[in-house]
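The values are calculated or read from the model by the stated rules, or taken from the named source; none is laboratory data. Computed from a predicted structure; not experimentally measured. Here the Cβ is made from the backbone with ideal geometry for all residues, glycine too, and neighbour counts use every protein chain on show. Accessible surface areas use protein heavy atoms only, side chains included; no ligands, DNA or RNA. Shrake-Rupley method; radii C 1.70, N 1.55, O 1.52, S 1.80 Å.
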Amino acid sequence: MACEAYTPVDSTYIPTRDVKSLDEDSVMDWRKQRAIKDALVDYGTSKAGLSQEEVQKHFELSRCAPNLAVAGKNCQNPHEPYGFDHNYVIHHPKSKDSQEISLVGILDHALSGRRLMVFTDAPGVQLYTGNWLDGSNSDVLKDGATYGQWQGLCLETQSYPDAIISGESKESFYKGKCCVLRPGGPDYKHSVEYHFVSIPDKNKI
């Protein structure tokens, strides 16, 4: 992901309005290629108050209700499903006023050889690893498929969550401010493109 920082959250999953450099938090850092499973293991042991053995056992579960993997008791959100659900600060190489889209992130699926590339002009992107998926959604999915915990992933381009009141926001956080839509006011838009391509050499993944 082309992100140098992220916005930490409190116990209710609302941003604290701090902006933290990824140089200070390697668990949250996606600037280099990482397997999703490896990242979730790191998150479980570093953020969710779990041992390496406990996290590994979670990958042996069906991870459908009632068997969701949950955090330990000594963490910010004890006994709740854990994983990534955070807003990342996108590093746009162009000036903010250029309105050109830039590459945000790349997702590779080695088994199929597919690659998803996400481009946007938005200031932020939410990474969500399907922490609360519990297998109860088969009625709305293709061919009645069932998705359990961590079996889906989102890259949601956006303004920073809760960055709407400038007077109470820290300057670095307010750079990702939310828009306010009013009748007769200016229109809002932001662009996002999803490019599906083949992995150049899937043996390297």
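Filter region 11-32 down to residues that are in contact (Cβ under 8 Å) with a residue 24 or more places away in the chain and under 22 Å from Asn131 (Cα atoms), then give me how many there are.
Residues in region 11-32 being in contact (Cβ under 8 Å) with a residue 24 or more places away in the chain and under 22 Å from Asn131 (Cα atoms): 7 in total.
What is the residue count in region 51-89 for residues that are β-branched (Val, Ile, Thr) and open to solvent by less than 20 Å² (accessible area, probe 1.4 Å)?
The number of residues fulfilling the criteria is 1.
Of (1) assigned to a loop (DSSP other than H, G, I, E, B); (2) open to solvent by 30 Å² or more (accessible area, probe 1.4 Å); (3) farther than 20 Å from Tyr13 by Cα, Gly148 satisfies all except one. Which?
It fails just one condition, (2).
Assess whether Lys57 counts as being assigned to a helix (DSSP H, G or I) and without any contact (Cβ under 8 Å) to a residue 24 or more places away in the chain.
Criteria met by Lys57.
If a residue has to be assigned to a helix (DSSP H, G or I) and either buried (at least 19 other Cβ atoms within 10 Å of the Cβ) or among the aliphatic types (A, V, I, L, M) (or both) to count, how many in region 1-50 make the cut?
9
With the checklist (1) at pLDDT below 95; (2) among the acidic types (Asp, Glu); (3) under 27 Å from Asp10 (Cα atoms) in hand, flag the one item Glu80 doesn't pass.
Only one criterion is unmet by Glu80, namely (1).
Regarding Val104, is this residue of a type in the set (Val, Ile, Thr) and touching a residue at least 12 places away in the same chain (Cβ under 8 Å)?
yes
Is one or more of the residues making up region 54-63 basic (Lys, Arg), modelled with pLDDT under 95 and under 30 Å from Val192 (Cα atoms)?
No, that holds for no residue.
Check Thr120, Thr146 and return the single one that is at pLDDT below 95 and of a type in the set (Val, Ile, Thr).
Thr146
Quick check, is Phe196 surrounded by 16 or more Cβ atoms within 10 Å (Cβ to Cβ), outside any loop (DSSP other than H, G, I, E, B) and aromatic (Phe, Trp, Tyr)?
Considered against the rule, which asks whether it is surrounded by 16 or more Cβ atoms within 10 Å (Cβ to Cβ), outside any loop (DSSP other than H, G, I, E, B) and aromatic (Phe, Trp, Tyr), Phe196 comes out as no.
Evaluate region 176-191: report whether one residue or more is open to solvent by 60 Å² or more (accessible area, probe 1.4 Å), on the phi < 0 side of the Ramachandran plot and outside any loop (DSSP other than H, G, I, E, B).
No: zero hits.
Could you tell me how many of the residues in region 121-144 are part of a strand (DSSP E or B), open to solvent by less than 20 Å² (accessible area, probe 1.4 Å) and within 22 Å of Gly44 (Cβ to Cβ)?
Residues meeting the conditions: 1.
So for region 104-120 (the condition being farther than 19 Å from Leu153 by Cα and open to solvent by less than 50 Å² (accessible area, probe 1.4 Å)), does at least one residue qualify?
There is no residue in region 104-120 that is farther than 19 Å from Leu153 by Cα and open to solvent by less than 50 Å² (accessible area, probe 1.4 Å).
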